[in-house]
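Here's the structure we're looking at; comments come further down.
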2 protein chains.
Amino acid sequence: MPAGTERPSLNLLREDVRLPACVLRDGALERNIARFQAFAEASGVLLCPHAKTSMTPALFGRQVGAGCWGLTFATCAQLEVARRHGVPRVFYANQLLGALDVRYVCGELARDPGFDFYCLADSVAGVRLLAGHVAAAGPGRPVNVLVEAGLAGGRCGVRDVGTAVEVAQAVRAAGPHLALVGVEGFEGLVRGREASRREAGVREFLGFLAGVARALDGRGLFGGDQVLVSAGGSAFYDLVIPALTALRLSRPHRVILRSGCYLTHDHGFYAGLLEDIHRRSGSAEPALEPALEVWTQVLSVPEPGLIILSAGRRDFGQDAGNPIALTHVRRGSAERRSLRESGWTMTAASDQHAHMTAPPGHGVQVGDLVALGPSHPCTTFDKWRELYLVDDGYNVIDTLPTYF
Amino acid sequence: MPAGTERPSLNLLREDVRLPACVLRDGALERNIARFQAFAEASGVLLCPHAKTSMTPALFGRQVGAGCWGLTFATCAQLEVARRHGVPRVFYANQLLGALDVRYVCGELARDPGFDFYCLADSVAGVRLLAGHVAAAGPGRPVNVLVEAGLAGGRCGVRDVGTAVEVAQAVRAAGPHLALVGVEGFEGLVRGREASRREAGVREFLGFLAGVARALDGRGLFGGDQVLVSAGGSAFYDLVIPALTALRLSRPHRVILRSGCYLTHDHGFYAGLLEDIHRRSGSAEPALEPALEVWTQVLSVPEPGLIILSAGRRDFGQDAGNPIALTHVRRGSAERRSLRESGWTMTAASDQHAHMTAPPGHGVQVGDLVALGPSHPCTTFDKWRELYLVDDGYNVIDTLPTYF
């Protein structure tokens, strides 16, 4: 196509798209995906990113294209989206026991020999439910199961080695229907106010997880040539990698990281966690950049220091803190001014509005554009049915549907 | 169709639908719609329910069918859904100034002579933006504008009568493009710990709103035969009705209530607000029933008093408190046991899980079903793309798509 006939792209800063809008910065995304993949490979672990974060098949494709081992999901509704979009290997980081859920998984296993699937179990009752549904569905091959190890006061997962052995034995007893392939845990649930106590708690939990793996290995409960050992959210993978790669079992094992938030990183909670990781490891790797922004319009400046924006709790998550103010663009100018050190604070949010307080001389007018940087990408992604993929100048490269 | 050939309906209690699931109880919905409509009519006010709550066109249809004056929306994306589903009259309870938003509204006004539209303005700058966009779009008739009155420290809206007059004059000055038809405010933003102080604050705000109406009326700024005066969320409509129907202007006025949460009511925040309304009015009207539930499955009972459910903050809102435990159904039995006085508490929620603590002897097993009753319907509705409409026996009557 001759250059002169190119359709000019939509530009966010020119008000070419309806606001509020959720924006993914293409360059940052691409670098995050490549860097985290390289980091996992250099660390000798498999990467199976938690894709519940984005539920955006276009991003699944990028992560798989960059070489990740598989993708992680947490519900069967999510799994179905993944399968419809051709994801070949799924780590189902949850108990699987709903009748329709198991039937769906078995249908996929029967239909597609290339589908590779792994799920968790933490109780004998759960194993029996799962095995019963699998027996009824007859997928033609066993469902792969990892025993989930949990944390006292935490979420799912066995609390002691004895229960882990019972669950593993129940999986083995469900022989033709289930296969015991490894152990799993999520260290991100460790709570504690002080970083040092939290880190000690994570190390202790990883020790428990390794102990479960050794106990099941010692009793010859694992099938297959290798054992899978999975942990690792986005907060402590630097602790997970050495703790679990150092494990010694009677047969080889592979460590699977499930970090998901590296994809877009964030402007709050995960930014702080990455600083902790860099501090602990004494390295600047992996280097991640925030890629997710919510663009809003100034609806009102009803009092001198109060700015009302056109996005609220239906547009961004607040579970890990309110978004920060990133950028101000005077309507019609497309010139960006950073708000990072400007002293703006989100003091409240209602369903469709954010209330920002700003110091005198903020220079903002009704109709101006303001970008927000959320904390915890998961609970901002899930507010949107379409995301704008933009280049560094906020030209729209693509519109990406989400499937929450 | 002969009775014997009827397709048996799906039943939620039999695990016929995938869990977690968001459920609307048909009988409760129907009664809430009829009762609130009757209440508004008996009170001599127009009802224009805030439909951002549900964003479920099947419910828009029921509300319109029951006789409401129009439907209220807060964003242009919502308005577009309403128009695609044939909603004829829209109260846009927000500032309207985005370039694409105004263009869309003008396109609809030009396309459909039956489209009746009202929006808000609270600044001269905003009026000029709106008027400029309308002038460029040329809808062939003026856009109806109400001056928004606000609360100090609150959201949008003029803070004093002088500014209201300036905004109204700007609307009048934008003559062929805009028409000034009334005043609006949202008393639900009044904060305060004690009920009595909150009520006093609401009365004061309603007095200010009435004062704005009188000031604009006294200056002859309103056009048309009647003046519209709108307020009323779901917390204080009992105070709004007498305060605003008692207003005396130089021409007739109509009061428009915008309550939205009556549709499904709730099990927390709005349940408490309705008790306040009944107490203040000394009446049991309107009688509302909670209609919205989130059904989950027990994934794990990893410790004696800890139950992990298959729904989390991606499935229900927490902004007005965690959901309560409503019902327990033993897997396979379909027999319902109330959990209302059972001492269960949701102590934490992660993206896809809820953590319930329950007293000894809770009798719950892995695989059982548990229903949750959310607080604040708006932030639970928006987590779902499909809702199940069920009868009193939890047979699925219909699947209703949402459009968030």
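Volume of the convex hull of the range A:211-365 (Cα atoms only), normalised per residue: 159 Å³. Here is the list for the range A:1-77: GluC sites (Glu not before Pro) lying in DSSP coil, each with at most 15 other C-beta atoms within 10 angstrom of its C-beta, are A:Glu6. Summing charges over neighbours of B:Gly224, with a neighbour being any other residue whose Cβ is under 13 Å away from its Cβ, gives +1 when K and R count +1 and D and E count -1. Among the trypsin sites (Lys or Arg not before Pro) within the range A:240-276, those in coil by DSSP and having at most 13 neighbouring Cβ atoms inside 10 Å are A:Arg248. Helical runs (DSSP H, four residues minimum) scored at -39500 (n - 2.57) apiece and divided by the length of chain B put the mean residue ellipticity at 222 nm at -9500 deg cm²/dmol. Computed with a 1.4 Å probe over protein heavy atoms only, the accessible surface of the range A:291-404 comes to 34 Å² per residue. Proximity of backbone amide H atoms, modeled 1.01 Å from N, is registered between A:Gly312 and A:His353 at under 5 Å, excluding neighbours fewer than 5 places apart on the same chain. Compared with the dominant principal axis of the Cα atoms in chain A, helix A:124-137 is inclined by about 90°. Using a 1.4 angstrom probe on protein heavy atoms only, the contact between A and B buries about 4700 square angstrom of accessible area, both sides summed.
Here is the P(r) of the range B:1-117: all C-alpha pair distances, binned every 10 Å from 0, give 11, 33, 27, 19, 9, 1 in whole percents. Spatially, the range A:132-164 and the range A:77-121 are offset by 15 Å when compared through their Cα centroids. Sorting the Cα pairs of chain A by distance into bins of 20 Å, from 0 upward, gives 26, 51, 21, 2 percent per bin.
Counted by Cβ distance under 12 Å from A:Glu30, the other residues give a net charge of 0, where Lys and Arg count +1 and Asp and Glu count -1.
Each Lys or Arg adds one and each Asp or Glu subtracts one; over the other residues with Cβ under 15 Å from the Cβ of B:Glu275, this totals -3. These residues, B:Val181, A:Val229, go from largest to smallest accessible area, 1.4 Å probe, as B:Val181, A:Val229. Ordering of B:56-65, A:381-390 by packing is A:381-390, B:56-65, highest average first (other Cβ atoms within 10 Å, averaged per residue).
Interface residues of the range A:282-302, defined as a loss of at least 10 Å² in heavy-atom accessible area between the chain alone and the complex of all protein chains with a 1.4 Å probe, are A:Gln297, A:Leu299, A:Ser300, A:Pro302. Specify the angular offset, from 0 to 90 degrees and rounded to the nearest 10, of the alpha carbon long axis of helix A:161-173 from the longest principal axis of the alpha carbons in chain A. Helix A:161-173 sits at roughly 70 degrees to that axis.
With the biggest extent put first, the Cα atoms of the range A:270-334 measure 47, 29, 22 Å across the principal axes.
Roughly speaking, to the nearest percent, how much of chain A's 1.4 Å accessible area is carbon and sulfur? Solvent-exposed carbon and sulfur of chain A make up 50 percent of the total.
Per residue, the solvent-accessible area of the range B:196-287 (1.4 Å probe, heavy atoms of protein chains only, all protein chains present) comes to 39 Å². To the nearest 10 degrees, how steep is helix A:26-42 against the longest Cα principal axis of chain A, on a 0 to 90 scale? Between the helix axis and the principal axis of chain A, the angle is about 30 degrees. With distances taken between every two different alpha-carbon atoms, the protein assembly as shown has a Kirkwood hydrodynamic radius of 28.3 Å.
Shielding of peptide A:8-21 by partners, expressed as the average count of other chain Cβ atoms within 10 Å per residue Cβ, is 2.
Normalised by 2.2 N^0.38 Å, where N is the number of residues, the C-alpha radius of gyration of the range A:162-278 stands at 1.18. Note on B:349-361: average number of Cβ atoms from other chains within 10 Å of each residue's Cβ is 3. Expressed per residue, the C-alpha convex hull volume of the range B:50-151 stands at 97 Å³. Database remark: amide H of B:Val143 closer than 5 angstrom to the amide H of B:Leu178, B:Ala179 (H placed geometrically; neighbours at sequence offset of 5 or more, or on other chains; Pro and chain starts carry no H).
How big is D for the range B:21-82, in µm² s⁻¹ as a whole number, if Stokes-Einstein is applied with the Kirkwood radius of its Cα pairs at 4 °C and 1.567 mPa s? Rounded to a whole number, D works out at 105 µm²/s. Convex hull volume of the C-alpha atoms in the range A:214-286, normalised per residue: 100 Å³.
Looking at the protein assembly as shown alone, DSSP beta bridges between its own residues are antiparallel in about 50 percent of cases. Which whole-angstrom value gives the distance between the alpha carbon centres of the range A:165-179 and the range A:233-276? Going from one Cα centre to the other spans 28 Å.
Think of the range A:340-402 as having a plus end and a minus end, set by charges on the Cβ of Lys, Arg, Asp and Glu; of A:Tyr394, A:Pro374, A:His353, A:His353 sits farthest toward the positive end of this dipole.
Rounded to two decimals, the Cα-based Rg/Rh of the range B:313-379, with Kirkwood Rh, is 0.96.
In sequence order, the range A:66-82 has phi-based couplings of 7, x, 5, 5, x, 10, 9, 9, 10, 9, 6, 4, 5, 4, 5, 4, 4 Hz under the Karplus curve 6.51 cos²θ - 1.76 cosθ + 1.60, θ = phi - 60°, and Gly or Pro positions carry x.
The values are calculated or read from the model by the stated rules, or taken from the named source; none is laboratory data. It should be emphasised that the depicted structure is a prediction, and the values quoted were computed from it without experimental measurement. Positions of Cβ are backbone-derived with ideal geometry, glycine not excepted, and every protein chain shown enters the neighbour counts. All accessible areas refer to the heavy atoms of the entire protein, side chains included, with ligands and DNA or RNA removed. Shrake-Rupley method; radii C 1.70, N 1.55, O 1.52, S 1.80 Å.
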